[in-house]
Every structure is written in C-alpha cells, then in structure tokens.
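Following: one structure in structure tokens, then a few remarks.
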Amino acid sequence: MKKKLRDFIFQELVFVAEPNQFGDDDDLLEAGLDSMGIMRLIMYIENEFGVTLPDTEIEPDNVQSFNALECWILRHKNS
C-alpha cells in the first residue's frame, strides 16, 4: 500500500529531489502536498483501495505522512 501511495504522490503531486530518502513519518505537507493535491490523493485512494474516506476526516493528522495515510485507509478498509 505504501509503495503505491509513494509512487502516486511523488509522480503526480509532490516533487522531492530524493524520494528514496523520504521517510514514512516525514511531513508530506511540508514537502508541498497542498489542498488540491490532497483531493486528488483521496480520489486516487478511494479508486485504488476501494475505500470511502469521509470528508469530515480530511485533516492534517490523516494526510501528514505515509504512516498516517496508511492508518486512515486501514480504519475504513473494512467498514
């Protein structure tokens, strides 16, 4: 899951010089993930992983890192 997220984010939404050096807890918002990017990311996640992520949960804590994204997706994967 994180590999797919990484590939999408670094190919489509955020430019970082060394994607391999970007850790799972590093801050995606500081790296340049903006509100439009977050919306594109949510659409990608919903299509790719078959989950619905509630609009009411779109907040920095859920999109700030790869680990946060994975936890958010997993919370809704079986609901």
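The values are calculated or read from the model by the stated rules, or taken from the named source; none is laboratory data. This is a predicted model, so every value here is computed, not measured. A quick note on method: Cβ atoms are made from the backbone with ideal geometry, for glycine too, and the neighbour counts reach across all protein chains shown. The protein model used for the area step is the full one, side chains on, heavy atoms only, and it has no ligands, DNA or RNA in it. Shrake-Rupley method; radii C 1.70, N 1.55, O 1.52, S 1.80 Å.
Points to keep in mind about this one:
- Considered as a group, the residues in region 39-62 that are farther than 14 Å from R6 by Cβ and aliphatic (A, V, I, L, M) include one that is farthest from the chain's Cα centre (by Cα), and that residue is V51.
- Remark: D27 matches the filter, which requires a residue to be open to solvent by 30 Å² or more (accessible area, probe 1.4 Å) and at pLDDT 95 or above.
- Answer residue from region 1-22, given it is part of a loop (DSSP other than H, G, I, E, B) and loosely packed, with under 10 Cβ neighbours inside 10 Å and is nearest to the chain's Cα centre (by Cα) among those: F15
- Entirely in region 30-79, the helices (runs of 4 or more DSSP H) that have 3 or more residues that are aliphatic (A, V, I, L, M), on the phi < 0 side of the Ramachandran plot and open to solvent by 70 Å² or more (accessible area, probe 1.4 Å): 35-49
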